[in-house]
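Taking it in order: structure first as structure tokens, then the write-up.
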Amino acid sequence: MNDQVRIIRFNVIHRLFHLFVMVTFLIQAVTGLCRLLYATAWGRALTNFLGGYESVTTIHYRVGVAMLLGFAVHIVYILLKVEWKSLRQSLFHPDSLVPQLHDVIHLGQQVRWFFGLGPPPPFDRWTYWEKFDYMAVFWGIPLLGVTGLLLMYPLFTSYFLPGWMLNVILLLHRAEALLAMLYIFIIHFTVGHLRHGMFPMNECMFAGSVELEELRQEKPLWIVRLEEEGKLVDAIVPAPAPWFRVAYFIFGFLALSVGLYLLLILLIYHNYV
Amino acid sequence: MTRRILRRSILWMVLGGLGLVLVLPVVAPAQEEVTTSLRRYQDRETSTGYYEDSEVKPFPFSSFLGGPGVVRSPFAYSPEAPQIPHTYLADAHRAVQFYNVQTCVACHAEEAKNIHTIRGNITCRQCHGGEPMASIAHYFSPLNPVRRYAYVCSKCHEGASASFATYVVHEPNPGALETRKTFSSLFYSDWFMYLLIVGTLGFFGAHTAVWVSKELYHVYTEKKRKPEDE
């Protein structure tokens, strides 16, 4: 892979954000399922392994707060990235993750391509499913975080909400977490890692760079835009070091297997969910 | 003749009075400072949490409680309180046969499946009290909404308020149709989330499935074609 030209796609900050979300999300998924499935033998055994119910609850609370802090850092990062003088252009720039009309058109073109009725849509830097992945987390973390905080301090919550709202809030928290887990473990994993050409693992989010030839196929408009702006030469980066590849392959497979294991657990104990 | 009748009647009156003394309670213990006809009232009070009328009786038929013929209040203590057919018994299990040898879950299996029991390891009696177990609508029940937060919830949740105590511990099945009447906000949020999950996973699941199968089909056809071309 050393002889191919590689283009940077995610810088160190982006990769650290993804790594942070990966780790915290998996911790929350494990501890949350421990709590949800505490009535089952699996839930009880894993809870005891992690130090008991209260310990699992404490981990869930603290990692949840860490996630919210990370989200706040991400908001600050976005606010620094946005060019306020030309806000409109900045928000609807091809480098922006804000959903736009052409994403809906791309979806239609993609479906047409699925059935062999047309060419694949010309993607720029972000495809519509990548934007959806991002917006899902962007929407999910505040929802899970706010409901989680309300459940964390039920007495305080009952000052300004009737106590039976805690039932509703718990339901929302549980359902949204379930949706997030199922989406990540089924759809995000399949699209990112199991598709042909990606299998067994898509290195892009860890290495940060993708082969130029691959990008010309998948995101032609982005490469054309980089060439026109004369930024393509700056975007070329060396291939990741072999030790780094080994490290992220081990880590990535570990994370994948945790996710697929939790998916299996969810399927086995679906009666308790 | 009249004297004989008078003597006899006096005799019967004395005998009747003695008989009454035997039947009626003794005068001296009855003058003890006890506020109820129940013996050892204080013991019962501390062990069960039931109090006398004079001590904590609320205004009869408070609009908060709901009850026979009382329409649901806009400020209901619990979303399902007025909907459940309440009894007002001091001993809710009065007519249950072989009650002494039963366990709670023998009849209330569904009620035991709640977060307090499963995760908090709380037993039924820690909230519902000892025998006799009153209906929660009974005026003197510790679980009566007028005092539930103080008598039950705050045993663990220090500082619990009346609002806090409206948390529904024995949550109804959120997806069940009856829940639409008893706890509509839970019912509608459950269906909203259900449709959101099914919609998202259904759409992107189908999208991904078609995509993967198309790519696999391409790989298959290309592999098949290549040897012929060569």
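Some values worked out for this structure:
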quantity: Segment A:6-272: Cα Rg divided by the 2.2 N^0.38 Å rule of thumb; calculated: 1.13
quantity: Sparsely packed trypsin sites (Lys or Arg not before Pro) within segment A:38-105, loop by DSSP, other Cβ within 10 Å at most 15; calculated: A:Lys85
quantity: Sequence-distant residues sharing a close amide H with A:Val237 (under 5 Å, placed H); calculated: A:Arg6, A:Ile7, A:Ile8
quantity: For residues of B:155-167, the mean tally of beta carbons on other chains within 10 Å; calculated: 5
quantity: Links that overshoot a 32 Å alpha carbon limit, given the list B:Lys113/B:Lys181; A:Lys219/B:Lys224; A:Lys81/A:Lys219; A:Lys231/B:Lys223; A:Lys131/B:Lys181; A:Lys85/A:Lys219; calculated: A:Lys231/B:Lys223; A:Lys131/B:Lys181
quantity: Pairs of Cα atoms farther than 27 Å apart, segment A:18-174, %; calculated: 45 percent
quantity: Value of [θ]222 nm, deg cm²/dmol, for chain A, DSSP H segments ≥ 4, -39500 (n - 2.57) each, nearest 500; calculated: -22000 deg cm²/dmol
quantity: Exercise: per-residue mean of other protein chain Cβ atoms within 10 Å, A:49-56; calculated: 1
quantity: Shape of the protein assembly as shown, Cα gyration tensor, a/c cut at 1.5; calculated: prolate
quantity: Test item: A:106-114 mean partner chain Cβ contacts at 10 Å; calculated: 2
quantity: J(HN,Hα) series, segment A:106-112, from Karplus relation 6.51 cos²θ - 1.76 cosθ + 1.60, nearest Hz, glycine and proline x; calculated: 4, 4, x, 5, 5, 4, 4
quantity: Using θ = phi - 60° and Karplus 6.51 cos²θ - 1.76 cosθ + 1.60, couplings along segment B:126-135 (whole Hz; Gly, Pro as x); calculated: 5, 9, 7, x, x, 7, x, 8, 7, 4
quantity: Rounded to whole Hz, the Karplus (6.51, -1.76, 1.60) HN-Hα couplings of segment B:146-159, x for glycine and proline; calculated: 5, 9, 4, 4, 7, 8, 10, 4, 6, 4, 10, 8, 4, x
quantity: Kirkwood hydrodynamic radius over Cα pairs of segment A:40-114, then Stokes diffusion coefficient at 37 °C and 0.692 mPa s, in µm²/s; calculated: 196 µm²/s
quantity: Relative intensity, log₁₀ I(q)/I(0), of segment B:182-230 from a Debye sum that treats every alpha carbon as a point, q = 0.16, 0.24, 0.29 Å⁻¹; calculated: -0.62, -0.83, -0.95
quantity: Residue order, fewest to most surrounding Cβ atoms within 10 angstrom, among B:Ser9, B:Ser135; calculated: B:Ser9, B:Ser135
quantity: Choice from A:Leu143, A:Leu179, A:Leu117 showing the highest fluctuation, given a GNM over chain A with Cα pairs closer than 10 Å; calculated: A:Leu117
quantity: Packing-based ranking, highest mean first, of A:167-177, B:110-120 given that Cβ atoms within 10 Å are counted; calculated: A:167-177, B:110-120
quantity: Exposed chymotrypsin sites (Phe, Trp or Tyr not before Pro) absent: longest stretch of chain A, with sites in DSSP loops and at most 10 other Cβ within 10 Å deemed exposed; calculated: A:116-273
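Read-outs throughout are calculated quantities, based only on the coordinates presented, and are distinct from any laboratory measurement. Bear in mind that the values here come from a model prediction, so they are computed numbers and not experimental data. Heads up, the Cβs are rebuilt from the backbone with ideal geometry, glycines too, and the neighbour counts pull from every protein chain shown.
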